[in-house]
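**Q** For reference, the structure I am asking about is given below.
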Amino acid sequence: MAIGMVVALTVVDVAEARRSGGGFGSRGTRTFSQPPVTRTAPSNAAPIDRSMTPRQDAGPTTTSPAAGQTRPNATQPNARPGFFSGFGGSLLGGLMVGGLIGMLMGGGFGGAAGFLGLIVQMLLIGGVIMLAMRFFNRNRQQTAYAGPSERSSGQSPSNGMPSFKIPSIGGGQAGGQANARPAAAPQPAPVTDGPADEIGVQQSDLEQFEKMLKDVQAAYAAEDYGTLRRLTTPEAMSYLAEELSDNATSGVKNDVRDVHLVQGDVAEAWTENGTEFATVAMRYESIDVMRDRTSGKVISGDPDNLTEAVELWTFVRKPDAEWQVSAIQGVSHD
């Protein structure tokens, strides 16, 4: 019974994780850094946990050349281990275990006065532990507050980045100059601590991102590998193909339709070695259900009502090439 319960819970956890959305793909040197929050995605995105990009742990990670600040929780390879995770922890653990063994054998804690001696010495060890924890916590806090965080030092969800115009429901995709939507009146961008739009994302780029959202979803639902290969990078394609293969093996098929963008804005855009990146927050609605591959019966999801999702899509464009999807991250929302 215990084994069966563990297996059942594992299956539920995996299914829920896939529905809630994790992160896969590459954002270049910013793959493992958290994108800024925006109006569309006011909470942090799921970290990218499936990527072929090696972690840059050799030094501090920044999100822009001008930032010059280290991520607060970045892993430092040369940082000394904490006292309780190294020799000190092993020593205290050995003393405690030795004391208990000595008590059971009648010798007390290290040959002292039996059970009472054990309690007294345990209290002394507890006091040493508390003092040491306060000491290391104070040092950690001083390190944490040595400089402002690039993600939390006054940055608001509205970071002055380009935004999508909210499309009318059923309005379809803008096509041609005759149907082009009027340009929004220019507004001064507020001063923020986050990275700026370094490449100058245009309205035509935003419309392309919106179209790619719909095209990728449609190709995924149709299991159209050719279209997915054209719209995504080889790395992102490999993860999408893996998911489609898992669906086929499980005898299910993801049916996604009626996708339309509700709101979107650019979280950050930058250039690396001549290649342009743009991470875009998109809130969209769709009919998204999982069906039995043979009977077509709905296994999960609502086939009659639109459901909303918020995701961060990263697009990449090499010189003289079209945009491609390079990473997708889920974002929790109320």
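The values are calculated or read from the model by the stated rules, or taken from the named source; none is laboratory data. Owing to the predicted nature of the structure, the values given are computational and were not obtained by experimental measurement. Methodologically, a virtual Cβ is constructed for each residue, glycine included, from the backbone with ideal geometry; neighbour enumeration extends over all protein chains shown. Heavy atoms of the whole protein, side chains included, go into the accessibility calculation; ligands, DNA and RNA do not. Shrake-Rupley method; radii C 1.70, N 1.55, O 1.52, S 1.80 Å.
**Q** Six or more apart or on different chains, Cβ atoms under 6 Å: show the pairs whose first residue is in the range 244-255 and over 18 Å from Lys297 (Cβ atoms) and of a type in the set (A, V, I, L, M, F, W, C) and whose second is modelled with pLDDT of 95 or more and not in a helix (DSSP H, G or I).
**A** As it stands, the answer is Leu244/Glu223, since those pairs meet every condition given.
**Q** Let me ask something else about it. For the condition aliphatic (A, V, I, L, M), in contact (Cβ under 8 Å) with a residue 40 or more places away in the chain and touching a Pro at 6+ places or on another chain (Cβ under 6 Å), what is the one hit in Leu261, Leu306?
**A** Result: Leu261 is the single residue among Leu261, Leu306 that is aliphatic (A, V, I, L, M), in contact (Cβ under 8 Å) with a residue 40 or more places away in the chain and touching a Pro at 6+ places or on another chain (Cβ under 6 Å).
**Q** Check the range 306-318 and report whether any residue there is on the phi < 0 side of the Ramachandran plot, over 27 Å from the mean Cα position of the chain (by Cα) and open to solvent by 30 Å² or more (accessible area, probe 1.4 Å).
**A** First pass over the range 306-318, keeping only residues on the phi < 0 side of the Ramachandran plot: 306-318.
From the residues that got through so far, the ones that are over 27 Å from the mean Cα position of the chain (by Cα) too are none.
No, the range 306-318 contains no residue that is on the phi < 0 side of the Ramachandran plot, over 27 Å from the mean Cα position of the chain (by Cα) and open to solvent by 30 Å² or more (accessible area, probe 1.4 Å).
**Q** Next up: Which residue, of Ala174, Ala236, Ala189, Ala183, is at pLDDT below 50 and within 24 Å of Gly28 (Cβ to Cβ)?
**A** Details: Ala174 fails: within 24 Å of Gly28 (Cβ to Cβ); Ala236 fails: at pLDDT below 50; Ala183 fails: within 24 Å of Gly28 (Cβ to Cβ).
Testing whether each residue is at pLDDT below 50 and within 24 Å of Gly28 (Cβ to Cβ) leaves just Ala189.
**Q** Still on this model: Within the range 193-232, track down each residue that is in a helix (DSSP H, G or I), touching a residue at least 60 places away in the same chain (Cβ under 8 Å), open to solvent by less than 50 Å² (accessible area, probe 1.4 Å) and out of contact with any Gly (no Cβ under 8 Å at 6 or more places or on another chain).
**A** Residues satisfying the conditions are Asp205, Met212, Leu213, Val216, Gln217, Leu231.
**Q** Look at the range 32-46 and say how many of its residues are open to solvent by 20 Å² or more (accessible area, probe 1.4 Å) and of a type in the set (Ser, Thr, Tyr).
**A** The total comes to 1.
**Q** Would you pick out the residues in the range 249-272 that are crowded, with 17+ Cβ neighbours inside 10 Å and within 20 Å of Glu198 (Cα to Cα)?
**A** Gly264, Asp265, Val266, Ala267, Glu268, Ala269, Trp270 - these are the residues of the range 249-272 that are crowded, with 17+ Cβ neighbours inside 10 Å and within 20 Å of Glu198 (Cα to Cα).
**Q** Still on this structure, I have one more. With respect to Glu242, is the statement that it is closer than 22 Å to Ile48 by Cα and open to solvent by 20 Å² or more (accessible area, probe 1.4 Å) true?
**A** yes
**Q** Quick check on my filter: what residues within the range 273-305 are of a type in the set (Val, Ile, Thr) and either open to solvent by less than 50 Å² (accessible area, probe 1.4 Å) or in contact with a strand residue (DSSP E or B) (Cβ under 7 Å, 6 or more places away or on another chain) (or both)? Working first, answer last.
**A** The first filter runs over the range 273-305 and keeps only residues of a type in the set (Val, Ile, Thr), leaving 275, 279-280, 287, 289, 294, 298-299.
The answer is Thr275, Thr279, Val280, Ile287, Val289, Val298, Ile299.
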